[in-house]
Amino acid sequence: MRDNDGLDKNPHISRSALAAIHSQVFGWALSRCDYDPMVAEDLMQQAYVELLSGKARFDNRSSLQTFVFSVVQNLARSRYRRIASRLRLLQAAGAVDTTVQPKEPHNNDALWQAVQELPTQQRDIIELVFCRDMTIAAAANVMGVTTGTGRVHYDRAKKTLRAKLTEYGVGFDD
């Protein structure tokens, strides 16, 4: 760490290390909010505020990337929990139309469609391992589950993807 590179209230985090993983963290934030760049920017800003204020303290028990991904994950969960609770209140009052159509996938290729159809935790582990270059243990840590549970989700996701892609007519070279 360079002189004066550490954060005042989070001394184990350097500004240069945060800058180095910024694009990866932004990609993770995008995936947490259905690829809405405005919401992803809000998540990133909230995460940086948590880090700068010392509310989220890094203690070197994991990699910085794993830690920051976890902060973004927790902020996204919190955000959507609040939105869901407000939506339930509005629905109970009859003020909201509940016949909203789901969004179409951004990319129609078979792999992306198959990944999007996975259950949430399986989709998360696949994204973290393949798109964010994390180990299964680090990805499990981000998701807040044990490494064993992460391995189970990873194995099930691969089997489900293989079956879905075979169903879509995508072949494999074994």
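In table form, for the structure just shown:
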{"quantity": "Gain upon complete extension [T135, R162; 0.36 nm per residue less C-alpha separation]", "calculated": "7.7 nm"}
{"quantity": "Dipole-positive endmost among M143, L111, A157 within region 104-174 (Cβ charges, Cα centre)", "calculated": "M143"}
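FYI, it's all coordinate maths here, none of it is from the lab. Computed from a predicted structure; not experimentally measured. Ideal geometry is used to build each Cβ from the backbone, glycine not excepted, and the neighbour counts take in all protein chains shown.
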